[in-house]
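As structure tokens, the structure follows; a few thoughts come after it.
What follows is calculated from the coordinates using simple rules that are stated; it is not laboratory data. Because the structure is a prediction, the values reported are computed rather than measured. Note that we place each Cβ from the backbone using ideal geometry, even for glycine, and neighbour counts take in every protein chain shown.
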Amino acid sequence: MKVFYMSSEIYPYAKTGGLADVAGTLPLSLKKLGVEIILAMPYYNRFVEKHNPENTGIVLDVEFNGITYKTPIYKKENKDVTTYFIKNDQFFNREYLYGTPEGDYPDNPLRFGFFNVASLRLLEKLNFKPAIIHLNDWQTALVPVYLKNTNLFPFLKDTKTIITIHNLAYQGTFDPKFLKDLMLPESLFNMEAMEFYGKINFLKGGIVFSDVITTVSPTYAREIQTPEYGYGLEGVLYKRREHIYGILNGIDYDVWNPENDENIYYTYSVEDFHYKKMLNKTHLQEDVGLPADSEKPLIGMVSRLAAQKGLDLLADAMKELSNMDLQMVILGTGDKIYQDLLSDFGTKFPDKFAVKIAFDPVLARRIYAGSDMFLMPSRYEPCGLGQMIAMRYGTIPVVRKTGGLADTVEDFTYEKLKRDPGKRKGYGFSFTTYTHANLIDAIKRALKIYTDKETWNQLVKIAMTRDFSWKSSAREYIALYEKVMYM
């Protein structure tokens, strides 16, 4: 089975969020299971050059928006999986991937339209005829639009397409004048195709014309068909509901492993976590400026500081949290209003809250390893990787029951344990209704169980032995690929 996997960011070459992590790990698992797979992403000079990619010697002549672009192709191997980089300095030699802090790049429709066209031309040049092209988010969503509505790529006339929605809030909406530049027929500007409230919508085009749509968790696949989570596309998605599949993301257990993680203070396993996790905790407390106290419950949070991640709830809850017997360490960057508010609480209550406004992968790992609980009170969460990583490190998640958080965190209560003491009864704490009072209640329930060390250690063991690796999800994708091939 031949698969071509396209993403606007792939770890370790360029990353702004979870998309890059998925694109950097899922193809490796597919390859191990026998899929012949190659990847493509833009050559962002500032980011990709650090990895010393190999110049393939291929220079494509890519006709696009009335211009023929000389397009060099580079490549890099990662565990026997090849990523090809589409080089165009006019479009990709910039400081950021998608836009500056002031806003998106205004030529993004041309940048990623070019990436779509050049990637398909690359397949012709390589004589790589995939059974499946696997696409990710709006930046790659024009591929099925081209294949179903133009004769530009006869080489790929039998190829099927799958698009994965990682976050429906980001859709790629632009002025319809770009249709001509994108070499797409103006007839696509209608409600049944790409028109969306007077604009063209890249992701809508991908949803309408892909053979299959996937999301990154089963619950999110259902949620996006409702007005609350559909961002205006719920009707389009509901219309295609028979072709929507939710497949849970995974994490790379070689990358996230407390037994050999060189970035944490002390490595540990499920057999010896008791003492060593405590040492990680006290070292973390010292490093972030909190009083070192192994008995004090420590809640960690590594997050983009935005309302989507529940920061409005946390902001409303901070005053009450400051009166509770706990400590918190928060790492992240994001909206200025939350950066300032959290930093202010860190200044007012230095013995309670350590707030680090930064992107710090090493500190993030130390928070996963050293915290007792991990907080994710998201308004919506298509999948979420933080809760999976936290559990891998024996840190118990406290989450809102939505999207992938609902699919991966089983709520624990004493009542369940009393009814059936012989069975596992949860390994995390969750709440449903989006209020700060419910968030506080979930934290209080976690703190109460934390004082029962025997029960708490059972939760830690269960969390550490849950399997959120890519193995089962990769097999689901292969089964879906096989199904799509014969549609």
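Please work out the Kirkwood hydrodynamic radius for the stretch 273-465, using every pair of different C-alpha atoms, and report it in angstroms with one decimal place. It works out to 16.4 Å. Each peptide in 381-389, 43-51 gets a packing score, the mean of other Cβ atoms within 10 Å over its residues, and the list from highest to lowest is 381-389, 43-51.
Summing +1 for each Lys or Arg and -1 for each Asp or Glu among the other residues whose beta-carbon sits under 14 angstrom from that of THR402 gives 0.
Under a Cβ-Cβ cut-off of 12 Å, what is the net charge of the residues other than ALA292 that fall near it, where Lys and Arg count +1 and Asp and Glu count -1? Walk me through the numbers before you get to the answer.
Numbers: positive: LYS281, LYS296; negative: GLU286, ASP287, ASP293, GLU295, ASP351.
Local charge sum for ALA292: -3.
Expressed as a fraction of 2.2 N^0.38 Å, the C-alpha radius of gyration for the stretch 366-487 is 1.18.
Packing around the peptides 454-462, 159-167, taken as the average count of other Cβ atoms within 10 Å per residue, puts them in this order, highest first: 159-167, 454-462.
Students often check this: by mean Cβ neighbours within 10 Å, which of 302-315, 335-348 ranks highest, and how do the rest follow?
Details: 302-315: 21.0, 335-348: 16.1.
Peptide ranking by packing, descending: 302-315, 335-348.
Within the straight-line cut-off of under 17 Å between alpha carbons, the aspartates and glutamates reachable from LYS148 are ASP158, GLU186, GLU192, GLU195, ASP211, sequence neighbours fewer than 8 places apart in one chain being disregarded. Using a ≥ b ≥ c from the Cα gyration tensor of the stretch 1-61 (square roots of the eigenvalues), is it rounded, prolate or oblate, where a/c under 1.5 gives rounded and otherwise the larger of a/b and b/c decides, a/b for prolate? Oblate.
Looking at this model, which pairs from LYS79/LYS276; LYS2/LYS31; LYS204/LYS239; LYS277/LYS453 are more than 20 angstrom apart at the alpha-carbon? Check vs 20 Å cut-off fails for LYS79/LYS276. Farthest towards the positive end of the charge dipole of the chain, among the residues PHE128, GLY206, VAL145, is the Cα of PHE128, using unit charges on the Cβ of Lys, Arg, Asp and Glu.
Taking label positions 7 Å along the Cα-Cβ direction at both GLU102 and LYS70, the computed distance is 3.2 nm, reported to one decimal. For TYR253, the amide hydrogen comes within under 5 Å of the amide hydrogens of TRP470, counting only partners 5 or more places away or on other chains and with H modelled in the peptide plane. Fully extending the segment from ASN45 to ASN257 would add 73.2 nm, taking 0.36 nm per residue of separation and subtracting the current Cα-Cα distance. The antiparallel fraction among DSSP beta bridges confined to the chain stands at about 30%.
Between 0 and 90 degrees, the angle of helix 311-321 with respect to the longest Cα principal axis of the chain falls at about 10 degrees.
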